[in-house]
Structures are given as structure tokens and as C-alpha cells.
Amino acid sequence: MILREFYLKKLRKLRDQNVIKVITGIRRCGKSTLFKQFQDELLASGVAKSNIIALNLEELENASLLEPHLLNDYIMRLINPQEQYYVFLDEIQNVPHFEKLVDSLFVKDNIDVYITGSNAYMLSGDLATVLSGRYIELSILPFSFAEFAASYSNTPSNEIFADYFEYGGFPEVTNFIHSGAKSEVSDYLDGIYKTVLEKDVKRRRSIRSDFDFTNVLKFTMDNIGSQLSPNNIANTLTSNGNSVNRLTVESYLSALTDSFVLYQAHRYDIKGKKLLQTLGKYYSVDIGLSRNILDKNLTADRGHLLENIVYLELLRRNKTVQIGKNNTKEVDFVATAHDGTIHYYQVAETMLGVETRERELSAFPTNHHQKIVLTLDAGQANYNGIEQLSLIDWLLDC
């Protein structure tokens with residue numbers, strides 16, 4: 001089992017803090033496993049097993065508890081008011097009006113509350129109102145390349161990256177790879193998407209046409225790294241014979257971002273120092289999933305897939321990740337760290353060509369912030385203070 005050390009470190013800092021810990025992320029990205037790993041740490045630190053209450057609310061044996069009062073009564077019967085308890089509720093969105101239950105547990109001085117959900121919709125509406133200022137969201141992603149590589153031994157990093165690039169980073173994918181069942185990965189990824197569609201999209205959104213929904217998803221994933229808006233997506237699909245209006249596209253994109261299938265990166269005007277409201281970009285939660293949905297071969301659009309990998313890694317490491325507008329040129333990413341430090345990133349498969357090198361370097365603004373170009377070229381280089389780094393080495397250096 002690969003330890004999710006990046007996220008465990010955050011949970012350690014939050015342990016016994018007076019906030020609800022909300023773990024979000026797409027299905028099968030490792031939320032339940034992260035809970036188990038943290039529970040093992042609690043046990044190792046001396047917490048009694050009886051003082052850890054963990055319930056997966058998608059398991060059939062817990063179906064009778066999918067009502068807030070019944071679930072609350074069940075938990076409270078296990079609680080001794082004189083002892084400290086850690087309550088883990090997995091897939092809490094399955095409980096109607098769960099926000100009142102969570103609030104009731106939270107106000108108990110001897111209960112530390114941890115919940116997970118597979119849809120960002122759970123953090124809106126009543127939850128935000130009832131628990132305003134009293135929860136911290138920890139959004140987790142499938143394996144980073146470093147986590148993925150940790151499952152290998154004595155394998156060159158470029159070969160590991162080839163697998164990551166083809167199959168993506170869902171944790172279970174590594175088990176398929178190492179057991180010699182790579183051919184089954186496609187069916188597994190299909191299953192993830194179908195589950196997300198049925199449980200996290202259709203249960204919460206009105207999908208009037210599966211055909212239109214699939215077209216919007218495929219178009220967006222096929223244009224990863226391109227500037228998009230609901231209006232230009234609708235216009236393009238309609239011109240191709242698939243009539244769909246802007247409001248429908250907007251609703252479907254919202255459903256896909258709420259269920260963590262897609263992530264939206266907004267544009268930032270570097271010179272004007274302001275966020276722009278139009279023509280952001282969308283990135284997939286996992287390139288293996290997007291390639292599987294599109295049924296694309298490995299040579300298709302490699303540059304944008306590499307850009308997608310970098311975007312996800314920057315999300316893990318930074319507070320915000322935006323697309324940079326530098327006059328008429330574009331910086332792939334403007335990443336602002338939690339301490340306020342800003343870095344600019346360009347992503348290119350190679351910088352060996354003079355034309356490519358000039359294009360990538362000229363996009364950067366002339367200011368004091370660090371500027372980095374990530375490529376698959378071997379080694380490093382420096383161009384008047386702009387660093388060129390190996391993408392694979394950068395991904396492993398975390």
C-alpha cells in the first residue's frame with residue numbers, strides 16, 4: 001500500500017483541531033484508503049480501537065443508517081462522554097440533510113469529525129450555511145507521479161512515466177499493472193466513469209440527454225489546455241450537427257467539475273494583476289481516464305496531456321493555479337504557493353528546436369518571479385534566469 005504522505009501530513013496537523021475535516025475527490029482516488037492509513041496512525045499513537053468509529057455509508061450493511069437521526073443515535077451509543085473519539089464518515093452525501101448530523105457531532109467536545117464526499121455539491125447550500133467557518137476541505141487527487149513510481153522497484157523512471165502517461169494514476173491501476181493485467185485497466189476506468197455519472201452526476205443534476213452530456217465531456221477533454229467557454233463549446237457542437245445550447249453546456253460543465261472529473265483553471269492578467277472571467281481552460285482529473293474516454297492513442301496531443309499532468313501536480317503543491325495572460329502571449333501556469341510565492345511555468349515536450357525554444361521563453365513576463373520550463377528533454381539548462389528542468393525529475397522532486 002502506497003502511503004499518501006502528502007495528505008497524511010495535513011491530517012496530522014489537523015488532528016484534534018476544532019474544525020471538521022472534509023475530504024473530497026473523485027471516486028476511487030483513495031479517500032477511503034487515506035482514512036484507513038490515518039486510522040492506523042491513530043492506533044499506533046495509542047488511541048484505542050473502540051475510540052475510532054468508522055463507517056462507509058455506501059456499504060450495504062450501513063444502509064439502515066442513511067437517516068441523520070438514526071446515524072446520530074448509533075454513533076452516540078458508542079460514545080463515552082469522558083473519552084476522546086475520532087469519527088470517520090465515508091461518502092457522507094448519501095445521508096439526507098447530513099450537515100445537521102455533522103454539526104451535532106462537531107459541537108461535542110470529545111469528538112473529532114472526519115467526512116468524505118465524491119461531489120463538491122456537498123460543500124454548497126446548507127452545509128456551507130450550517131458549518132460556515134468550521135470546516136477545512138482537503139481535496140485529494142489520484143496518485144501523483146511520485147506516488148505512482150513508489151509502487152515500482154528497479155525500473156527506470158522514463159519507463160515508469162510511460163506507464164503513468166498511458167494508464168493514469170488511479171491507485172488501483174498500479175495493482176493491475178504489477179499483476180500483469182494491463183489489458184483490464186480500460187474496463188476499470190470505464191467503470192469509474194459510469195459510477196461517477198450515475199452516483200455523482202445524475203442523482204444531483206438533470207441530464208436531459210446522455211448523448212449531449214457525453215459530447216460536452218468528450219469535446220472538453222479533447223480540448224484540454226485550450227481556451228473554452230460554454231458559448232464556444234455550444235457553437236462548435238451545434239456547427240458539427242449536435243445542437244446544444246449554452247445553458248445546457250454550462251450545467252453539464254458544472255456537473256463535471258462538481259464531481260471532480262474536470263477542473264477549471266481561470267485566466268489571470270499578469271500585467272493588470274486581475275482575474276479574467278472568460279475563456280478559462282479545463283483539465284482532466286486523470287489523463288488515463290480522459291484518454292480512455294476519448295479512446296486516443298499515445299501519440300495524440302502529447303503536449304496537452306503533459307500540460308494536464310503538470311496542472312494536477314501544481315494543484316497538489318500550491319494554493320492557486322491559473323492561466324497567465326501576458327499581453328498577447330500566454331504563460332501556461334501561474335502558481336501561487338501557500339506562502340504567496342509566485343512561479344511561472346511553461347510545458348513543452350522538447351526545447352531542442354529553436355522556434356519552440358523562442359516561443360516558450362518569450363511568453364514569460366519580465367519580472368522577478370521564478371520562471372520554469374518543464375520538458376521531457378534530459379538534463380537542465382538556464383536561459384538568462386529562466387530554468388529548463390526535466391519534467392520527470394521535477395515530478396519526482398516533491
- Message: Go through the stretch 325-336 and report how many residues are open to solvent by less than 30 Å² (accessible area, probe 1.4 Å) and either within 18 Å of ILE309 (Cβ to Cβ) or without any contact (Cβ under 8 Å) to a residue 12 or more places away in the chain (or both).
- Response: 5
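Within the stretch 70-94, which residues are within 17 Å of ILE111 (Cβ to Cβ) and out of contact with any strand residue (DSSP E or B) (no Cβ under 9 Å at 6 or more places or on another chain)? Break it down into steps so the answer makes sense when it comes.
Kept after step one, since they are within 17 Å of ILE111 (Cβ to Cβ), are these residues of the stretch 70-94: 71-90, 92.
Across the stretch 70-94, the qualifying residues are ASN72, ASP73, MET76, ARG77, ASN80, PRO81, GLN82, GLU83.
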- On the given criteria, is ILE192 more than 20 Å from the chain's Cα centre (by Cα), modelled with pLDDT of 95 or more, open to solvent by less than 60 Å² (accessible area, probe 1.4 Å) and within 24 Å of ILE2 (Cα to Cα)? no
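Take the residues in the stretch 262-279 that are outside any strand (DSSP E or B) and at pLDDT below 95; name whichever of them is least open to solvent (accessible area, probe 1.4 Å).
The first filter runs over the stretch 262-279 and keeps only residues outside any strand (DSSP E or B), leaving 270-273.
Okay, now just the ones that are also at pLDDT below 95, so 271-273.
Numbers: LYS271: 156, GLY272: 42, LYS273: 157 Å².
So the residue we want is GLY272.
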- Note on the stretch 280-324: residues surrounded by fewer than 17 Cβ atoms within 10 Å (Cβ to Cβ), among the charged types (D, E, K, R), more than 23 Å from ARG359 (Cα to Cα) and more than 15 Å from the chain's Cα centre (by Cα) are ASP295, LYS296
- Item | Unmet requirement for ILE224, which otherwise passes all of (1) at pLDDT below 95; (2) open to solvent by 20 Å² or more (accessible area, probe 1.4 Å); (3) closer than 24 Å to GLU313 by Cα | (2)
- Here are some conditions: (1) β-branched (Val, Ile, Thr); (2) in a helix (DSSP H, G or I); (3) within 27 Å of VAL310 (Cβ to Cβ). THR195 meets all but one. Which one does it not meet? (3)
- Query: Taking the stretch 239-250 only, how many residues are at pLDDT below 95 and either of a type in the set (Ser, Thr, Tyr) or in a strand (DSSP E or B) (or both)?
  - Reply: 2
- Task: Would you please name the residue that is nearest to ASP332 (Cα to Cα), looking only at residues in the stretch 356-398 that are polar (S, T, N, Q) and surrounded by fewer than 13 Cβ atoms within 10 Å (Cβ to Cβ)?
- Result: SER362
- Unmet criterion (only one of (1) exposed (fewer than 14 other Cβ atoms within 10 Å of the Cβ); (2) of a type outside the set (S, T, N, Q); (3) closer than 20 Å to ASP16 by Cβ) for HIS97: (3)
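Here is a list: ALA363, ALA378. Which entry is without any contact (Cβ under 8 Å) to a residue 60 or more places away in the chain, under 22 Å from ILE392 (Cβ atoms) and not charged (D, E, K, R)? Spell out how you get there, then give the answer.
Values: ALA363 fails: under 22 Å from ILE392 (Cβ atoms).
Of the residues listed, the single one that is without any contact (Cβ under 8 Å) to a residue 60 or more places away in the chain, under 22 Å from ILE392 (Cβ atoms) and not charged (D, E, K, R) is ALA378.
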- For the stretch 45-164, which fully contained helices (runs of 4 or more DSSP H) count at least 1 residues that are modelled with pLDDT of 95 or more? 68-77, 98-106, 145-149
- Query: What tally of residues in the stretch 337-355 results from selecting those that are farther than 18 Å from SER226 by Cα, open to solvent by less than 30 Å² (accessible area, probe 1.4 Å) and in contact with a Ser or Thr (Cβ under 6 Å, 6 or more places away or on another chain)?
  - Reply: 1
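The values are calculated or read from the model by the stated rules, or taken from the named source; none is laboratory data. Treat the numbers as computed from the prediction; the structure is a model and nothing was measured. FYI the Cβ positions are ideal-geometry reconstructions off the backbone, even for glycines, and counts take in every protein chain you see. Side chains included, ligands, DNA and RNA excluded: accessible areas come from the protein's heavy atoms. Shrake-Rupley method; radii C 1.70, N 1.55, O 1.52, S 1.80 Å.
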